[in-house]
Amino acid sequence: MTTTTTVLQAPAASAPFEVATVELRDLRDDDVLIEIAYAGICHSDIHTVREEWGSKQFPITPGHEIAGIVRAVGAGVTRHQVGDRVGVGCMVDSCGECTWCKDGFEQYCEKGAVFTYASTGYDGEYTRGGYAQAIVVSERFTVRIPEGIDLDVAAPLLCAGITTYSPLRRWNVQPGQRVAVVGLGGLGHMGVKIAVAMGAEVTVISRSLAKAADSAALGASAHLASSDADAMTAAAGSFDLVLNTVSADIDMEAYLKLVKPRGVLVNVGLPSQRYAFRPGLLVGPSKVFAGSNIGGIPETQEMLDFCAAHGIGAQIETISADEVTQAYDKVVAGDVRYRYVIDTATLTR
């Protein structure tokens, strides 16, 4: 029996979103059918749909911050059952056989991970994401959402949450350490919440003091305006870790100067321009400049469990399907506090 679902798709890079009906694949032995409740809007959705990261095949149904309920399972499924609260993040397949996959780092799969949307699967099919009412995904790439997190605030954790949790975990942030989060947006606000929960003393660095009250409400102990040259100079050498979440051409030297000797600046932003800094800023004080991707499936589950244990969810604004086109412009303008989440029940023909 053919199963269909309603989706929101971009027919072209410059076109508004439109509603469509598409077929879902028949359940394979390891598949789960998920009724999607909420889908977060990530800035990478915008980059992809607007072809800012290269040309794409259209139509595209974006969305890799997916939260919902299992409604059917394949014959061989053992991890999930009907009624489970689950999430899907940035990946929906990998080879499962290479060293990276076996170690739980599917994002580095030697064959190439299959991404949740606008990606060609191993079966040759073009993937569709979470701006939809249902999706079929292998159970290997479906994670459990703990009862302590509502589905709407859980959805952005599947990208924004793991993208910030992974570097903080990798660099072993400890209670009492000083962490700076650059940018207070969809990624940045999650970085603040998670670092605070890890026991760090957190400072937000933003262009101005306009979001200082928000920083305090999220648990940050200080807010620093990057436009204040004196304040930036005074903060030199202050931080064990600086987490840059900004996808813009920023003065990287200014942020490297904030890092303590033997500290690290971790970059999760993806600007279109190259960074420029003098190697001496790293070599002399033995600082580290690092990048970080998303996490693998085991770490994503670890992040969700951590967030549930600490009462962490995303700060969201819930929107209907017919608001998504306008929401993209608002995200680019920074006019959201701090993640738009689509209520997929509003997806109607």
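Taken together, the values in this text are just the output of simple stated rules run on the coordinates, not laboratory data. In this text, all values refer to a predicted model and were calculated from it rather than measured experimentally. Neighbour counts are summed over all protein chains in view; Cβ atoms, including those assigned to glycine, are modelled from backbone coordinates with ideal geometry.
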Cα gyration tensor shape of the range 1-109, rounded if a/c is under 1.5, else prolate or oblate by comparing a/b with b/c
oblate
0 to 90° range, to nearest 10: angle between helix 297-309 axis and the chain longest Cα axis
70
Can you sort Phe289, Phe277 from fewest to most other Cβ atoms within 10 Å of each residue's own Cβ?
Phe277, Phe289
Residue separation times 0.36 nm, minus the C-alpha to C-alpha distance between Ala290 and Leu209: what's the value?
26.4 nm
As a test of the formula, what do you get for the chain when each DSSP H run with n ≥ 4 contributes -39,500 (n - 2.57) and the sum is divided by the residue count, at 222 nm and rounded to the nearest 500 deg cm²/dmol?
-6000 deg cm²/dmol
Rounded, prolate or oblate: pick one for the range 29-181, where a ≥ b ≥ c are the square roots of the eigenvalues of its C-alpha gyration tensor, a/c under 1.5 means rounded, and failing that, prolate if a/b is larger than b/c, else oblate.
rounded
Answer with one residue from Val182, Pro298, Ala327: the one whose Cα lies farthest towards the positive end of the charge dipole of the chain, charges on Cβ with Lys, Arg +1 and Asp, Glu -1.
Val182
Taking the number of other C-beta atoms within 10 Å as the exposure measure, put Ile319, Ile66 in order starting with the fewest.
Ile319, Ile66
Calculate the dipole size of the range 161-291 relative to its Cα centre from +1 charges on Lys and Arg beta carbons and -1 charges on Asp and Glu beta carbons; express the result in debye to the nearest 20.
380
Using the alpha-carbon atoms, what tilt in degrees (0 to 90, nearest 10) does helix 188-197 show relative to the longest principal axis of the chain?
80
Once the dipole of the range 193-292 is set up from charges on Cβ (+1 Lys and Arg, -1 Asp and Glu), the residue from the list Val283, Ala220, Gly269 lying farthest towards its positive end is Val283
In whole Hz and in residue order, list the ³J(HN,Hα) couplings for the range 243-257 that follow from phi through the Karplus curve 6.51 cos²θ - 1.76 cosθ + 1.60, θ = phi - 60°; x for Gly and Pro.
9, 8, 9, 8, 9, 9, 7, 9, 7, 5, 4, 4, 7, 5, 5
List the residues whose amide H sits under 5 Å from the amide H of Ser226, counting only those 5 or more places along or on another chain, with H placed 1.01 Å from N in the peptide plane.
Ser206, Arg207, Ser208
Compute, for the range 129-181, the length of the dipole vector about the Cα centre, with Cβ point charges of +1 (Lys, Arg) and -1 (Asp, Glu) only. Units Debye, rounded to 20.
380
Angle, helix 160-170 long axis vs. longest principal axis of the chain, Cα atoms, 0 to 90°, nearest 10?
50
Sort the range 161-291 into rounded, prolate or oblate with this rule: let a ≥ b ≥ c be the square roots of the eigenvalues of the Cα gyration tensor; rounded if a/c is under 1.5, and if a/c is not under 1.5, prolate when a/b is larger than b/c, oblate otherwise.
rounded
To the nearest 20 debye, the chain has a Cα-centred charge dipole, built from +1 on Lys and Arg Cβ and -1 on Asp and Glu Cβ, of 1000
Can you tell me the length gained on complete extension of the stretch Ala216 to Thr233, counting 0.36 nm per residue apart and subtracting the Cα distance?
3.9 nm
Applying a 10 Å radius around every beta-carbon, put 163-173, 179-189 in order of their mean neighbour count, most first.
179-189, 163-173
Under 11 Å from the Cβ of Ile46, count the other residues' Cβ atoms, weight Lys and Arg +1, Asp and Glu -1, and hand me the total.
-2
